[in-house]
Amino acid sequence: MVFPRSSIDWRTARIAVALSLAMFAGYGLSSFPGLWASWQVPAIMPLFVAAWVVAAILPLMLLHRAPPALTISTMAALAIALRIAVAVVADGRIPPGDAHNYVVLAQHLLEGRGLVIADHYMGVEVRALYPPVYPILLAAWGAMVGFSTASLTLLATIFDLATAGAMILLARMLGNRSAGLAAAWLYLIWPSVLLSAPLAQKEGVCALLAVLLAIQWVRLAAKQDAGAARWYAAVGLGVTAGVLTLTQPGEAPLVMVFGLVAAAKCGWRRAIVTGLRAVLFAVLAILLPWWIRNALIFGAFVPLTSAGGYGLWIGNNPDATGHWMPPPPQLYGMAEIAFGKAAAAIAIDWIVQHPADFVRNTMAKAVRGWGVAESGASRIAGLRPTISPLIPPIVFAVSQMAHLGLLAGAVRSAWRRQTPGMTLLLLLVLACVVQTLAFGVWFEFDERHRDFATPFLLLLAAFGFADARASEGERDRSGRD
């Protein structure tokens, strides 16, 4: 695609991306020894890290040197083997937290009870604590094939394949399809993605929707059409944004932040007009039915979820780390909406009384959420009945090493030569960082809340590698000439 010249300076974008990702990587690296000790990583860990690296690199080498049939068969065999291995570990076990609750919600929907579940920590039944899209998708899937580990793994794999395909499309639009193929392959075997596959986790759906949003904004930035075509673009953006909003409300502003990226290419007027139309379609087609349902149940306007106040408290209290915490005991048994308001009031009072601690805690949540990759290991460790105590530490070590390598690769790519597609990709990555820092870190925030950015980080790292290969090839040809 041909993009108009950006109004944002290339150096500013690459410096912002490189510095922020380098800061996150530095935190992750400095935290590694302490995390290593707390997880009690065994001495055989390097063998598993090496095995994963071989699985990641071998198909990338075959992409350029082997027949397509061999490459595809190798990719399929490795991806299937890794997913089966993770599914075998999780099979017959109950996961902690939301991964279990979403299955219960889906079952309640099929039983005709609606989107309701008893929250044992709150002491009441809740009807809007969980956004509706993922439970509805899960219920539709479960009605056809059930909720076994195999069926959940298959559903997650379908979403992951769709995300990989969308990454290839986005890379092709940005002028580097080969980098898209490499990034898509890595996404399919990425530790956090693999570890979510056998569980009812919505992060894979969020990643797909985020990439689809980026594709639509990039297409708008490249085209100079008008009239009806822009209305179609607004419809697609609105529906995608609305679905993402009711899947993970904290990522609702992503459509606006990506819109700022498009505006830098296509002009502010066109981006604003398209964005306002998209909001209209999101409200009418997706959000309005949810608002009406909540008004009928609660007699109040609940725009997205009742969890906002609770999430604010989780992120802002003397013991907050960004990870989920059980609520204050004095709120036990309060009605759902009143619970959220009371939790928010406690959090706001703490912020007012401890502004320095609030700033320090918020910054710590940001760098920890971006620099550490242990949530997948925590999920595996929380399975009941318990698994072998050797597995979670190994899973953590592989996840953290892969994540640090990804951050380092993305930083390296940010400093490489400029191409029009690379500039836009840098802005998309910067938008992901801004989304979390401007809208996410004030609440509950750990690494799963930035998982939507994984496809973009992989694309950025792969773009730099592909550019390096292209440059080396050009030098080799010029040398022979």
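Here are some notes:
- Scanning residues 5 or more positions from I117 or on other chains, those with amide H under 5 Å from its amide H are V126, with H placed 1.01 Å from N in the peptide plane.
- Rounded if a/c under 1.5, otherwise prolate or oblate - segment 1-103, Cα gyration tensor axes: oblate
- With DNA, RNA and ligands ignored, accessible area of M61 (1.4 Å probe; Å², nearest 10): 90
- When the residues Y332, Y130, Y232 are ordered by accessible surface, computed with a 1.4 Å probe over the protein chains alone, the sequence from largest down reads Y232, Y332, Y130.
- Note on the chain: with charges restricted to the Cβ of Lys and Arg (+1) and Asp and Glu (-1), its dipole about the Cα centre is near 1440 debye.
- All-pairs Cα distance distribution in segment 88-225, expressed in whole percent, bin size 5 Å: 2, 10, 17, 18, 16, 13, 10, 7, 4, 2, 1
- From phi via Karplus (6.51, -1.76, 1.60), per-residue ³J(HN,Hα) for segment 288-298 in Hz, x at Gly/Pro: 4, x, 5, 5, 5, 4, 5, 5, 5, 7, 9
- For segment 201-291, the share of alpha carbon pairs falling in successive 10 Å distance bins from zero is 18, 53, 25, 3 percent.
- Shown here for segment 363-428: chymotrypsin sites (Phe, Trp or Tyr not before Pro) in loop regions (DSSP other than H, G, I, E, B) with at most 13 other Cβ atoms within 10 Å, namely W415.
- Using a probe radius of 1.4 angstrom, the carbon and sulfur fraction of the accessible surface of the chain is 69%.
- Filtered trypsin sites (Lys or Arg not before Pro), segment 344-449: DSSP coil and at most 14 other beta carbons within 10 Å: R417
- Rolling a 1.4 Å probe over the protein heavy atoms leaves L155 with an accessible area of roughly 20 Å².
- Alpha carbon centroid spacing (whole Å) that separates segment 263-314 from segment 83-97: 34
- Cα gyration tensor, segment 350-432 - rounded (a/c under 1.5), prolate or oblate: oblate
- In the chain, Cα pairs under 8 Å separated by at least six residues give a relative contact order of 25 percent.
- Lys/Arg +1, Asp/Glu -1 at C-beta; the chain dipole; positive extreme among H403, P68, V257: P68
- The GluC sites (Glu not before Pro) found in segment 100-209 that occupy coil by DSSP, while having at most 16 further C-beta atoms within 10 Å, are E111.
- Cα gyration tensor shape for segment 264-409, rounded if a/c is under 1.5, else prolate or oblate: oblate
- J(HN,Hα) series, segment 116-133, from Karplus relation 6.51 cos²θ - 1.76 cosθ + 1.60, nearest Hz, glycine and proline x: 9, 8, 7, 9, 5, 7, 8, x, 9, 7, 10, 10, 9, 5, 9, x, x, 4
- The tail of the calculated P(r) for the chain beyond 35 Å holds 32 percent of all Cα-Cα pairs.
- Distance between segment 342-406 and segment 230-256 - C-alpha centres, whole angstrom: 27
- Helical mean residue ellipticity (222 nm; -39500 (n - 2.57) per DSSP H run of 4+; nearest 500) of the chain: -23500 deg cm²/dmol
- Karplus-derived 3J(HN,Hα), 6.51/-1.76/1.60, for each residue of segment 18-24, Hz, glycine and proline x: 4, 5, 5, 5, 5, 5, 5
- Accessible surface, per residue, of the chain when the full set of protein chains is kept, probe 1.4 Å, Å²: 43
- Amide H contacts of V302 (H built 1.01 Å from N, under 5 Å, at least 5 apart or other chain): A295
- Accessible surface of H120 - all protein chains present, 1.4 Å probe, nearest 10 Å²: 150
The values are calculated or read from the model by the stated rules, or taken from the named source; none is laboratory data. What you see is a predicted model, and the numbers here were worked out from it, not measured in a lab. All Cβ positions, even for glycine, are placed from backbone atoms using ideal geometry, and neighbour counts span all protein chains on display. Ligands, DNA and RNA are excluded from the accessible area calculation, which covers all protein heavy atoms including side chains. Shrake-Rupley method; radii C 1.70, N 1.55, O 1.52, S 1.80 Å.
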